[in-house]
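**Q** Below you'll find the structure I mean.
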Amino acid sequence: MGRIQIGELLLKDRGIDPSTGRTVFELSEDFTVQIGLNGESWSITVPKGFLTDFASVPRRVPFVLPDFIAKRLPRWVRWVGRIGIPLWSIFPPWGRYNKAAVVHDWLYRGKIVDRFLADAIFRYMMKELKTPFLKRVLMFYAVRIFGASAFGSEPPKPEDIIERESDNGETRSN
């Protein structure tokens, strides 16, 4: 079967990325994960200074219904469709899966491995981090379906981050 060793994740809140509106964190130290599965083993080290927004979940997703359907629905359903489904209440960008999301970001940005393996490592780490089954499966399929545009994308530039006025002390992620 498999085995995994996940190191400690030390982060610094860097502020807001204006292009996405998401909070960005910087690794204060290298973060290492050792994964052994089916006789193979990998050591993945995310370097100090790497910027992450954890799980890149949109705050809300609007949906558009065809007029012939929308006219038959209650007004509140049409209103929800216009403002969107609030995904952060279901899948917040941070949670038990923080460490898995950081490794996934690193693997995606650098194209360290192929996309399927990066997503499989993400799912495996979420399982080991005790992310609930349904959330784990839905997040895995979300990155499989919607993650292609992020694979190999540029990280936010540190000079573009809007620094927070508050204390930027280190935080630990569970």
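**Q** Would you calculate the separation in nanometres between label points at Arg72 and Ala120, each defined as 7 Å from the Cα along the Cα-to-beta-carbon direction?
**A** 4.4 nm
**Q** First measure r as the distance between the Cβ atoms of Ala142 and Lys12, then evaluate 1/(1 + (r/R0)^6) with R0 = 22 Å and state the FRET efficiency to the nearest 0.05.
**A** Once the sixth-power term is evaluated, E becomes 0.20.
**Q** Test of understanding: what is the full-extension gain from Glu40 to Val113, defined as 0.36 nm times their sequence separation minus their Cα-Cα distance?
**A** 24.8 nm
**Q** Ranked by Cβ crowding within 10 angstrom, fewest neighbours first, how are Thr52, Thr32, Thr23 ordered?
**A** Thr32, Thr23, Thr52
**Q** Is there a pair in Lys12/Lys127; Lys48/Lys127; Lys12/Lys99 whose C-alpha atoms are over 23 Å apart, and which pairs would that be?
**A** Pairs exceeding the cut-off: Lys12/Lys127; Lys48/Lys127.
**Q** Give me Phe151, Phe116 sorted ascending by neighbouring Cβ count inside 10 Å, so fewest comes first.
**A** Phe116, Phe151
Each value in this text was obtained by applying a stated rule to the coordinates, not by laboratory testing. Computed from a prediction, not measured in an experiment: that's the story for all the values here. Using ideal geometry, Cβ is built from the backbone for each residue, glycine included, and neighbour counts are taken over all protein chains shown.
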